[in-house]
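What follows is one structure encoded as structure tokens, with my remarks underneath.
The values are calculated or read from the model by the stated rules, or taken from the named source; none is laboratory data. Treat the numbers as computed from the prediction; the structure is a model and nothing was measured. Every residue, glycine among them, receives a Cβ derived from its backbone with ideal geometry; neighbour counts consider all protein chains shown. Just the protein is used for accessible areas: all its heavy atoms, side chains included, with ligands, DNA and RNA removed. Shrake-Rupley method; radii C 1.70, N 1.55, O 1.52, S 1.80 Å.
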2 protein chains.
Amino acid sequence: MRNLNQDTITQAVLARLAETPDARVKALMTSLVQHLHAFARETRLTEAEWLRGMEFLTATGQKCSDTRQEFIFLSDVLGLSMLTVAMNNDKPQGCTEATVLGPFHVADARRYAHGADLANGAFGEPCVVRGRVLGLGGEPIAGAEIDVWQADAQGRYDVQYDAPEQPRARGILQSGADGSFDFRTIVAEAYPIPTDGPVGGLLALTRRHPWRPAHLHFRIEAAGYESLTTHVFREGDPYLDSDAVFGVRESLVADWVRQPDGVYALDFDFVLNPTTCRQP
Amino acid sequence: MRNLNQDTITQAVLARLAETPDARVKALMTSLVQHLHAFARETRLTEAEWLRGMEFLTATGQKCSDTRQEFIFLSDVLGLSMLTVAMNNDKPQGCTEATVLGPFHVADARRYAHGADLANGAFGEPCVVRGRVLGLGGEPIAGAEIDVWQADAQGRYDVQYDAPEQPRARGILQSGADGSFDFRTIVAEAYPIPTDGPVGGLLALTRRHPWRPAHLHFRIEAAGYESLTTHVFREGDPYLDSDAVFGVRESLVADWVRQPDGVYALDFDFVLNPTTCRQP
């Protein structure tokens, strides 16, 4: 194992994985090494470019904090997140489609009762969101956990503020006996993903805009059903066809309707996939 | 650009690179996206594995500091570093071969005169290192900058100690009029790359040892010649055939000879590639 050259080194690295006890780890690492090496070989990566790559990855990791996940942004803008979601959420016709999680989900958010105002002071136009959680046959799913989060009208999630006093525009509800839910919040608006880190630099270098169309995040969990991570996107948004993270599904686009009292209303039902109906 | 699926998303991401002004950036990003997606598709990466990958990359970035470069370790153990070196250092026969830079080089190290002791208190057996810097035709290269660094007998570089008072076992010398150099230091010993970070976890998961065979690092620069980044490896080391970072070249293995006075001696000449002789 001396004198490895560009033609022999890949096999030498793969051979070093021979003792890996977990077959899945071995398969993942084998594919990763092959593609990483193929990338370097195909581009004839220079030493300066390699070093720039190391610096970029380091800066990306160092930009991460409890409230900022720059590597998820990177995965998102490279389409890796949506590809992974697409591969793992091939649900039967009629189920609500999944989309990216994004980096702004916070575990164990505050719990709210029906009709509560999740905005909790977040800046934006008021709206009500109503709908039902259903099974594939239309049966109501009672007691589903509905985790909701969104940016405010300034395009920022609560965790992006320097010192958020308390969670804003996020919370967890439970569906009622008829599968229904109902809460108040603010109207979703389009926003740019943060561009003050390495991922912003990459977008600038490739002349890509950082905008995401207006959306409301949902993660819904219920016993006997696959967990659903998705958004509802706002009809009419100019970025629906160029989402910076490639997440838009036509079936997830809905109208926020302005009511006579000036409050907007969004009506949207979610259909979960029973765990027994998992597509192969 | 809605409803992208696992078959269409790669082309959509590549299309988003269309306006990239720098052709090289565009080529690198195109290849990167293709291989990243191919890796995910080929392994049918799960969402849990994707998240574990995000966590691994984040932890790798956060382990980096002014004196620790975990991403270079990662590149090293995956063979990417040595592949990049091999592709970019295809020198004419007779030139000293290159190997990996590693993460422990420090820019602007202290300068020493001929015969000085670079160890500066580093723990290990004393030795002298002597040699010449030559051109391909055997002509001496005067005034070459010779940057040297190494681990001590405890397997640690100075920057790995919690509070190094001053640089140890590293420094910069200049070759004399006859191309010669001559300094004192300590004998190189095998050492494990640090395993207290994410890369150590990866090595454990794949049952790989973290050892590097004993070596002395050199980076040599001289006007009119390609810069050379290399090691001299110690003959007889048990890890010469299983270097954790795949860096060993047979031509770089040399004897540290114990002299009658107990001081070891290493004699090694370096042959630089004139910049005009760059192989295509």
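Quick notes on this structure:
- Per the axis that maps chain A onto chain B, nearest residue of A (Cβ criterion) and its distance in Å: A:GLY61, 0
- Inter-part distance where segment B:214-280 and segment A:218-274 are each reduced to a Cα centre, Å: 61 Å
- Amide H contacts of A:TRP256 (H built 1.01 Å from N, in plane; Pro and chain starts excluded): A:GLU235 sit under 5 Å, all sequence-distant by 5 or more or on other chains.
- Of A:MET29, A:MET82, the residue with the largest accessible area leads and the full order is A:MET29, A:MET82 (1.4 Å probe).
- Near the amide H of B:ASN120, within less than 5 Å, lie the amide hydrogens of B:ALA169, all on another chain or at least 5 residues away, with H placed in the peptide plane.
- Under the span-like rule (Cα at least 15 Å along the axis, Kyte-Doolittle mean at least 1.6), DSSP H helices of chain A: none
- Rounded FRET efficiency, nearest 0.05, which uses the C-beta distance separating B:VAL106 from B:VAL257 and R0 of 30 Å: 0.55
- Shielding score for B:90-102, defined as the mean number of other chain Cβ atoms within 10 Å: 1
- Look at the stretch A:67-78: the mean tally of other chain Cβ atoms within 10 Å of its residues' Cβ atoms is 3.
- Rounded accessible area per residue of segment B:1-45, 1.4 Å, Å²: 48 Å²
- Calculated FRET efficiency for the pair A:ARG68/A:HIS114, C-beta based, R₀ 30 Å, to 0.05: 0.40
- Percent carbon-and-sulfur accessible area, chain A, ignoring ligands, DNA and RNA, probe 1.4 Å: 51 percent
- Rg and Dmax of the protein assembly as shown, Cα atoms only, in Å: 28.6, 100
- Listed by chain and number, the lysines placed with their C-alpha closer than 29 angstrom to that of B:LYS26 are A:LYS63, B:LYS91; residues fewer than eight positions away on the same chain are left out.
- Helices in chain A, meaning DSSP H runs of at least 4 residues, each add -39500 (n - 2.57). Divided by all residues, the mean residue ellipticity at 222 nm is -7500 deg cm²/dmol.
- Each residue of segment B:217-223 was assigned a 3J(HN,Hα) from its phi angle through the Karplus expression (A = 6.51, B = -1.76, C = 1.60, θ = phi - 60°), giving 7, 9, 10, 10, 10, 8, 4 Hz with x at Gly and Pro.
- Distances between placed amide hydrogens fall under 5 Å for B:THR99 paired with B:THR229, B:THR230, B:HIS231, all partners being 5 or more residues away or on another chain.
- GNM top mover of B:GLN93, B:GLN69, B:GLN160 - chain B, alpha-carbon springs below 10 Å: B:GLN93
- Residue of A:ASP108, A:ASP182, A:ASP22 that the Gaussian network model of chain A assigns the largest fluctuation, springs spanning Cα pairs under 10 Å: A:ASP22
- Eigen-decomposition of the gyration tensor built on the alpha-carbon atoms of segment A:73-277 gives equivalent ellipsoid semi-axes of 26, 21, 16 angstrom, largest listed first.
- For the Cα trace of segment B:210-280, dividing Rg by the Kirkwood Rh returns an Rg/Rh value of 1.05.
- Chains B and A together, accessible area buried on both sides, 1.4 angstrom probe, square angstrom: 7500 Å²
- Shielding by partners, peptide A:26-35 (average Cβ within 10 angstrom, other chains): 6
- Translational diffusion coefficient (Stokes-Einstein; Kirkwood radius from C-alpha pairs) of segment B:1-45 at 25 °C, 0.890 mPa s, in µm²/s: 219 µm²/s
- Exam field: A:ARG110 pseudo-label spacings to other copies (7 Å along Cα-Cβ), nanometres: 5.8
- Checking every one of the GluC sites (Glu not before Pro) in segment B:1-87 against DSSP loop status and a limit of 16 other Cβ atoms within 10 Å picks out B:GLU19.
- For segment B:96-193, the spread of Cα coordinates along the three principal axes comes to 44, 26, 25 Å, biggest extent given first.
- Other copies of B:ALA204: label-to-label distances in nm, shortest first, labels 7 Å along the beta-carbon direction: 4.0
- Copy-to-copy label distances for B:GLY121, where each label lies 7 Å from Cα along Cα-to-Cβ, are 5.4 nm in order of increasing length.
- Centre separation in Å (Cα based) which lies between segment B:131-165 and segment B:110-125: 10 Å
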